Amino acid sequence: MPDRERDTRGFHRGATLCGLAAALCACGAIGDPRPPLENLPNPVHDLSARQVSDGIDLSWTWPVTTTEGEIARDMSGFTLWAVDVPSIPAELGRDTIDDHRRQVATLEAPAFADSEPGDRLELRSPLNAWKLGQPAILVITAWNRAGRDGGYSNQVPIQPLQPPGAPRLREPAVTAQGVALTWHPADLAEEYAIERAGSEEGAFETLGRLASESFLDRTAAWGDLHRYRLRPYRMSDAGWIEGPLSETVSVTPIDTFPPPPPSGLRAVRTADTVELSWLPVDENGVAGYRVFRSGTALGPLVTGTSFSDGTAASGTAYEYEVTAIDANGNESPPGGLLAVPPFVP
């Protein structure tokens with residue numbers, strides 16, 4: 001091949017390589033290939049567990065992101081583990097959990113198909129799957145489609161026990177102070193939560209919690225329907241165990257209870273009047289007072305604590321009494337009888 005032809009081909013080959021290099025520079029440098037995402041979900045951080053009657057109720061939040069900061073959608077399920085311990089510890093190490101854990105339950109993807117990252121998930125484990133009295137530490141793992149997890153959740157102590165029985169409420173008693181509740185004690189119950197709903201369809205709210213078998217609801221409104229039920233509790237080394245609810249009892253309290261009678265009745269006699277005064281009745285709902293002279297009511301209801309009898313004859317002795325009346329028309333017995341002699345100039 002002539003030297004001129006070889007030089008021409010060499011020139012074209014060099015120009016082609018330079019053009020390719022320029023194109024590559026214009027498009028950016030080629031780096032190392034990015035490794036595939038592992039899609040490991042972050043550990044659950046808010047596992048909770050409590051015994052309710054004959055089962056262990058568990059709940060937790062589906063982790064929102066993976067360890068690589070991606071949305072944790074590629075999930076296959078969650079596994080609940082238990083580590084039996086002689087007593088409730090402060091915290092178990094990961095190696096201890098690895099060596100002594102036992103699988104309790106699994107929640108697979110079809111069970112939470114309608115949920116998404118950030119939603120609260122729930123699981124109930126029957127009590128017959130546990131050894132009563134045995135303390136344990138619970139953790140949960142979340143695993144991806146490849147069957148790998150991102151680590152253990154927070155640790156939750158539990159000690160399954162025989163739950164308390166259901167208490168039996170007696171019929172409520174309506175008193176002047178409120179609705180009085182009493183009940184037959186439930187087996188193994190140490191405390192009771194009293195719950196009340198304000199209507200047939202109303203939600204129940206807790207009024208209080210106590211260790212006795214009686215409760216006085218001083219906040220019950222007269223004339224309104226109230227429904228009551230009890231929730232028993234038993235203490236374990238890991239916390240309170242909730243028993244089954246009692247049946248519901250209903251009552252509509254009617255105020256038929258008079259206020260207490262007024263006291264401290266006094267009189268000052270003048271030539272024209274008898275001036276009466278008394279101490280106020282210390283009770284909510286008192287609408288007024290009625291003054292009696294020798295057994296006969298005088299004038300309209302008195303809203304204050306004094307009365308001027310301008311019809312009394314100066315030369316006649318009288319006997320005065322005062323009663324208290326509440327907003328529902330209930331009238332107290334009269335207070336002490338006060339004898340007022342004739343006026344002496």
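The values are calculated or read from the model by the stated rules, or taken from the named source; none is laboratory data. Keep in mind that this is a model prediction, so the values were computed, not measured. Quick reminder, even Gly has a Cβ in these numbers, built from the backbone with ideal geometry, and neighbours come from all protein chains shown.
Data table
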{"item": "Selection within the range 222-239 - touching a residue at least 60 places away in the same chain (Cβ under 8 Å) and within 19 Å of the chain's Cα centre (by Cα)", "result": "ARG229, LEU230, PRO232, TYR233, ARG234, GLY239"}
{"item": "Failed condition for ARG145, given (1) over 24 Å from the mean Cα position of the chain (by Cα); (2) assigned by TED's automatic domain parsing to the domain that holds SER236", "result": "(2)"}
{"item": "Strands (runs of 3 or more DSSP E) enclosed by the range 176-241 - at least 1 residues per element that are closer than 26 Å to ALA136 by Cα", "result": "191-197, 226-236"}
{"item": "Residue, surrounded by the most Cβ atoms within 10 Å (Cβ to Cβ), within the range 303-326, restricted to residues that are in a loop (DSSP other than H, G, I, E, B) and more than 53 Å from the chain's Cα centre (by Cα)", "result": "ALA312"}
{"item": "Boolean, TYR152 is of a type in the set (Phe, Trp, Tyr), surrounded by 15 or more Cβ atoms within 10 Å (Cβ to Cβ) and assigned to a loop (DSSP other than H, G, I, E, B)", "result": "yes"}
{"item": "Complete set of residues in the range 270-280 that are modelled with pLDDT of 95 or more and either surrounded by 14 or more Cβ atoms within 10 Å (Cβ to Cβ) or among the acidic types (Asp, Glu) (or both)", "result": "THR273, VAL274, GLU275, LEU276, SER277, TRP278"}
{"item": "Meets criteria (surrounded by 14 or more Cβ atoms within 10 Å (Cβ to Cβ) and under 22 Å from the mean Cα position of the chain (by Cα)) for ALA136", "result": "no"}
{"item": "Residue match in the range 102-110 (condition: among the polar types (S, T, N, Q) and out of contact with any Pro (no Cβ under 9 Å at 6 or more places or on another chain))", "result": "yes"}
{"item": "Leading residue by the ranking (surrounded by the most Cβ atoms within 10 Å (Cβ to Cβ)) among those in the range 233-258 that are assigned by TED's automatic domain parsing to the domain that holds GLU205 and in contact with a Ser or Thr (Cβ under 8 Å, 6 or more places away or on another chain)", "result": "GLY243"}
